[in-house]
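Reviewing the structure listed below.
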Amino acid sequence: MSSFPTSTVLGYPRIGPRRELKRALESYWSGRSTRADLDRAGAGLRERTWRRLAELGLDGLPSNTFSLYDQVLDTAVLLGAVPERYRDAADPYFAMARGTEGLAPLRMTKWFDTNYHYLVPEIGPGTVFELDASKPLGEVREARALGFETRPVVVGPVTFLLLGSALDRLEEVLGCYEELLAALAAEGVAWVQLDEPALVGDRTPEELAAVRTAYERLGSAASRPGLFVASYFGDLGESLPVLAGTPVEAIGLDLVRGGVPAADLTGKIVVAGVVSGRDVWRTSPGRALAALGSVRASQVVVSTSCSLLHVPYSLADETGLEPELRGRLAFAEEKVAEVVALAAACAPSGALFGSGDTLFGGDDVPSVALPPAPMPMPSEERSPYAARAAAQAGHLRLPPLPTTTIGSFPQTGELRAARAAVAAGTLSEADYERRVEAEIERVIRVQERLGLDVLVHGEPERNDMVQYFAEHLDGFAVTRNGWVQSYGSRCTRPPILHGDVGRPAPITVRWAAYAQSLTSRPVKGMLTGPVTIVAWSFVRDDLPLRDIVFQVADAIRQEVRDLEAAGLSIIQVDEPALRELLPLRRSAQAEYLEWAVAAYRRATSGASDRTQIHTHLCYSDADQILAAIDGLDADVTTIESARSGARILGAVSAFGRGLGPGVYDIHSPRVPSAEEVESLLRRALEELPVERVWVNPDCGLKTRTYEEVEASLTNVVTATRRLRPALRH
């Protein structure tokens, strides 16, 4: 068996340094280009990645990490787990990802505790697993034609089946993996990487037995490459001795989040993740070399803690960052260089030499001063929900089943161009603000015409729900080209939270107050919550996360008070990342939820009883933390439901506040019918009293077109109005 390379990464960004894949995808979806054009764009991005990794000196190149949409969807296609209803679609892959006019897409949720979204495998009794290895084999051949030998990366069988709630199908799936290994071996592939991040969570004895069964069987396959089982996002814990007891040759350990295991892994290759794939801070060479030297194994390979999918491509374009801050940062390219430098600091025998003080710019990442401990919770608390609900009902006078949206309306090309023109200095700030005001008025008039009860201003001034606040708060920096894939063609630019957080001036008040001045209907003030702002930023690592979240909560609290003083009667403070930050191990979850809920209540507790506080959560298995969501003490919670087939409704009967289970999946271009919406509303009314049910989409409408939005919201309002007469009797 071939030796394992000395340096590697578990994966790499795939959206393109200039978001080339995003543009290629959206061109194909709109009909402006063909599938062949899209495939050529993908091939170009793969070639660029392999060439760049080789130029940086990496000697273990991964393949099959590129995806046109999602690696879990790719695995479903690999194994033949394509539900029958998609097979006759013009493009079954994207029908599963996005849906079609008559076909809903697969459910989507968060990839463990990240902001990346994956498509949940749908595995039913009728699913017949049948291998289609064309993608991984095709990429091996593609790279070889360019002169590169690669290591294919595939989601492992245990993680794939756990994600699809179908571990009882392990025997059948292992047959496909055995076929895959044999095909790769026949192709001359030396190593294959099977990703098993699910093993860093709490696993039952039955699940651990499945791990043993899977890797004893695959490790005993007659024809196969070397097996590298990669874990990441935490400590393998009780899964490590199980995995180490199987014939797999290499095990990947996340030594950033998981720490060095005490186990003696002599006889195994350990792929040591000492360079973080989850943040943008430069690695401390001294700490990394110490961790590498503490691992007891036959060979220690230097790697990233997880795929670099979760960080931007390169610092090369970020000339606008302060030099002191820039010197503390490392994006994907810089992290690859760190991996290579660390590997070069290791002797061929695996023994380490030197302290690494000058390995790549000094040993210790510069620290910043620690701020004082968070202030105690404000003494004022809002009245109990029943009293607030009565005060709000008398003040707002809303009909049964109030209709609203989550916040954003479509971001038009004209708006994006105007924002870019301001940044380039070719459009004055005054002219830009007039365009924003005109768009706000357009949004208000559209909502009035459609008949919505509670309006939003549409957020035309915002580039992103977190970045916008980062640009107006002290302690944050924003990048020029620091794009990270969220799902499909959707990308965000996570801000860098590097200092103490403060709010020098009101952020949203002007636009919200202007919108309210245009209509007699209530308009929601729209804020992003403290947990989400922190979760969707790259956060300083010299303070406990709790302390940072509380700093942000204080800034949001000031904004809530100013919105209320400006005449806004409804204020929405979104926390879509509340579930996302939940620790993967149950032992740490209660502590996290306690301070996360406390931070939200700190941000909102200054509002008066008649001011209605809303919050929003989406695409994150929120049914698992409903007690904590109830504990936020928001008056109304809107939550994703349509995309997941209303699965959350089975858990909400005891929910003690207003609830809006989404009736319109905004991540698909399809327009839901009025009958479909009415059916979802009737299901909600079976679980909740009518006075607590709200009607809304799953999430914001930023990524949709006005044509799609108006057609969908028309059907939402129609369905609601059909139901209201019966509810009054």
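Among the lysines, which fall within straight-line cross-link reach of Lys702, defined as a Cα-Cα distance under 18 Å, with same-chain neighbours fewer than 8 residues apart omitted? Those lysines meeting the cut-off are Lys22, Lys524. Modelled spin-label separation between Arg449 and Arg722, with each label point placed 7 Å from Cα along the Cα-to-Cβ direction: 2.4 nm. Solvent-accessible area of the stretch 249-326 (1.4 angstrom probe, protein heavy atoms only): carbon and sulfur portion equals 49 percent. Checking [x] 0.96; [y] 1.17; [z] 1.10 against Cα Rg over 2.2 N^0.38 Å calculated from these atoms, the matching label is [x].
Put simply, the convex hull of the Cα atoms in the stretch 621-716 casts, on average, a shadow of 5.9 nm². In the chain, the DSSP-assigned H stretches of four residues or longer account for a calculated mean residue ellipticity at 222 nm of -11500 deg cm²/dmol, using -39500 (n - 2.57) per stretch and the full residue count as denominator.
Over the stretch 217-319, accessible surface divided per residue gives 29 Å², non-protein components excluded, 1.4 Å probe.
Taking Cα atoms only, the orientation of helix 589-604 departs from the longest principal axis of the chain by about 30 degrees.
Take Val128: with every protein chain present and a 1.4 Å probe, its accessible area is about 100 Å². Between Ser165 and Thr519, the contour length at 0.36 nm per residue exceeds the alpha carbon distance by 122.7 nm. For the chain, the longest principal axis of the C-alpha atoms and the axis of helix 674-687 are separated by about 90°. Using a probe of 1.4 Å, the accessible surface attributed to Tyr592 totals some 10 Å² when neighbouring protein chains are kept in position. Within a straight-line Cα-Cα reach of under 13 Å, Lys335 can be paired with the following aspartates and glutamates, leaving aside sequence neighbours fewer than 8 residues apart in one chain: Asp279. Of the accessible area of the stretch 1-147, computed with a 1.4 Å probe over protein heavy atoms only, carbon and sulfur atoms account for 50 percent. Put a dot 7 Å past the Cα of Glu84, heading toward its Cβ, do the same for Leu325, and the two dots end up 5.6 nm apart. Overall, the accessible surface of the stretch 630-684 at a probe of 1.4 angstrom is composed of carbon and sulfur to the extent of 44 percent. Solvent exposure of the stretch 393-484, expressed per residue, is 39 Å² of accessible area, with all protein chains present and a 1.4 angstrom probe.
Measuring r between the beta carbons of Arg442 and Glu20 and using R0 = 41 Å, the FRET efficiency lands at 0.80. Taking only Cα atoms, what is the 0 to 90° angle, nearest 10, from helix 385-396's long axis to the longest principal axis of the chain? Computed tilt is about 60 degrees. On a per residue basis, the stretch 98-157 carries 37 Å² of accessible surface, using protein heavy atoms and a 1.4 Å probe. Could you compute the FRET efficiency for Leu427 and Ser220, with r as their C-beta to C-beta distance and R0 at 56 Å, rounded to 0.05? Efficiency, rounded to the nearest 0.05: 0.25.
The values are calculated or read from the model by the stated rules, or taken from the named source; none is laboratory data. Everything quoted here is computed from the prediction, not taken from an experiment. Virtual Cβ from ideal backbone geometry, glycine too; neighbours counted across all protein chains shown. SASA here: full protein model, heavy atoms, side chains in, ligands and nucleic acids out. Shrake-Rupley method; radii C 1.70, N 1.55, O 1.52, S 1.80 Å.
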